[in-house]
1. Kindly indicate the residue of segment 112-151 that is of a type in the set (Ser, Thr, Tyr) and within 16 Å of ligand 2 (Cβ to nearest atom) and also surrounded by the most Cβ atoms within 10 Å (Cβ to Cβ) among those meeting that condition.
2. What pairs come out if I take residues in segment 201-220 that are of a type in the set (Phe, Trp, Tyr) and pair them with residues that are within 8 Å of ligand 2 (Cβ to nearest atom) whose C-beta lies under 8 Å away, six or more apart or interchain?
3. If I filter segment 47-66 for residues that are within 12 Å of ligand 1 (Cβ to nearest atom), under 30 Å from LYS120 (Cα atoms) and either part of a strand (DSSP E or B) or free of Cβ contacts under 8 Å to residues at least 24 places away in the same chain (or both), do I get at least one hit?
4. Out of all the residues in segment 45-57, is one or more small (Gly, Ala, Ser) and farther than 28 Å from ASN115 by Cβ?
5. Starting from residues that are within 15 Å of ligand 2 (Cβ to nearest atom) and in contact with a His (Cβ under 9 Å, 6 or more places away or on another chain), keep the ones in segment 204-245 and report whichever is nearest to TRP310 (Cα to Cα).
6. Any idea which residue in segment 167-197 is surrounded by the fewest Cβ atoms within 10 Å (Cβ to Cβ), counting only those that are more than 10 Å from ligand 1 (Cβ to nearest atom) and under 17 Å from LYS303 (Cβ atoms)?
7. Quick one: in segment 280-298, which of the residues that are buried (at least 16 other Cβ atoms within 10 Å of the Cβ), over 19 Å from THR323 (Cα atoms) and of a type outside the set (D, E, K, R) is farthest from the chain's Cα centre (by Cα)?
8. Does ASN29 satisfy being touching a residue at least 24 places away in the same chain (Cβ under 8 Å) and either among the charged types (D, E, K, R) or out of contact with any strand residue (DSSP E or B) (no Cβ under 9 Å at 6 or more places or on another chain) (or both)?
Amino acid sequence: MILVTGAAGFIGSNFVLDWFETNNEAVVNLDKLTYAGNLQNLAGLQGNDKHIFVHGDIGDSALLTKLLSEHKPRAVVNFAAESHVDRSIHGPEDFIQTNIVGTFHLLEAVRTYWNSLPEKEKQDFRFLHVSTDEVYGSLGADEPAFTEKHQYEPNSPYSASKAASDHLVRAYHHTYGLPVLTTNCSNNYGPYHFPEKLIPLVIHNALAGKSLPIYGDGQQIRDWLYVKDHCSAIRRVLEAGAVGEVYNVGGWNENPNLEVVNTLCAILDELQPRTDGESYAKQITYVKDRPGHDKRYAIDASKIERELGWKPVETFETGIKKTVQWYLDNQDWVTNITTGVYRDWVQTQYSAVDKSNAK
Ligand code: NAD
Ligand code: TYD
């Protein structure tokens, strides 16, 4: 079995759902259920006894020691993190605690467990750390995309905390020989994306008749990757990645924010037109820019393609259409988040999902 942390969040829950579509191996899902953790994402796994949910913190050493010795995973995939740049600007402390201190405690527990394994299992064990392209900082318009050799230059408390965790992971390999893998991925989008991030926020606000906030001039560029492509990349790296290596994962889809928002409006105009016949683009509003806003991220994903044969299946055009359709088909999921009902749902469903492992 594998231990996956943070798998009630956006990417982690997509990863676990995809895992069971392609695989029969059990997953222990350790998640603290912060505001970003939503067990409703995993409702489709109810009754699947190969998914074992454990409510807990990656910084809880005693819990980690117990879980590792009980379940004996052959791999750990670490998604758990505070992930929203704007929140890190307003309050960095949780980012330091989870992304740095939490990753440290996780690494320590995993190191002790790994050292206790018989030689063959020790060799086969993997610790896969899921990170971001934001650790590399911001690119100028004409600079080449980030390769794995690009210098770290994190600019926000979020990216600085992820950079610190990447360095710890690297050091645990270099110093203790822990068999680690690191992936640095570009901006994801797709189902179960918390509506504080650009794409789900714009879809939600458009349908609710609210303004669509564009920070600054909207010319900042992100490299968008459909979440299921990110999940397949992680599975591939886990399966075939070389120990100690870093793999950049991206969609080869650089788009300025304003273009992304206009694309979303055009798709919504087609699929669910406004009753007054106007375009949703009328709701676009320019607001004050994010402090320290990175201008451009772009991933050079040629290493993972060359060495592991992975490349994304979705283009931005296909992925974004699927995404908008998913939000239109799952308005209850969005409403449960925006009204806070998802937290109650967690309370009422908790014992059903987590019969034996609740702390
Ligand atoms: P998310 O915020 O949607 O989910 C994070 C999950 O981690 C939540 O379920 C939360 O409850 C859990 N969590 C937070 N603190 C925890 C702790 N101390 N212990 C256990 N669980 C905890 O984030 P996401 O967008 O799914 O991102 C997952 C990972 O991928 C993060 O490490 C992030 O840095 C990385 N990443 C995200 C993107 C993106 O575009 N979203 C891109 C590249 C990399
Ligand atoms: P976001 O989804 O927060 O991801 P990240 O900051 O990790 O890239 O933001 C994506 C881009 O969209 C980023 O340049 C900030 C911008 N943005 C807006 O213009 N308006 C918004 O309301 C949000 C949430 C983001």
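The values are calculated or read from the model by the stated rules, or taken from the named source; none is laboratory data. None of these values were measured; they are calculated from a predicted model. Quick reminder, even Gly has a Cβ in these numbers, built from the backbone with ideal geometry, and neighbours come from all protein chains shown.
1. Across segment 112-151, the extreme among qualifying residues is TYR136.
2. Once the first residue is of a type in the set (Phe, Trp, Tyr) and sits in segment 201-220, its partners that are within 8 Å of ligand 2 (Cβ to nearest atom) give TYR215/ASN257; TYR215/VAL287; TYR215/ARG290; TYR215/HIS293.
3. yes
4. Checked segment 45-57: at least one residue is small (Gly, Ala, Ser) and farther than 28 Å from ASN115 by Cβ.
5. That would be VAL227.
6. So, considering only residues that are more than 10 Å from ligand 1 (Cβ to nearest atom) and under 17 Å from LYS303 (Cβ atoms), the one surrounded by the fewest Cβ atoms within 10 Å (Cβ to Cβ) is ARG170.
7. Restricting to residues being buried (at least 16 other Cβ atoms within 10 Å of the Cβ), over 19 Å from THR323 (Cα atoms) and of a type outside the set (D, E, K, R), the top hit is GLN283.
8. Taking the combined requirement at face value, the residue does not satisfy it.
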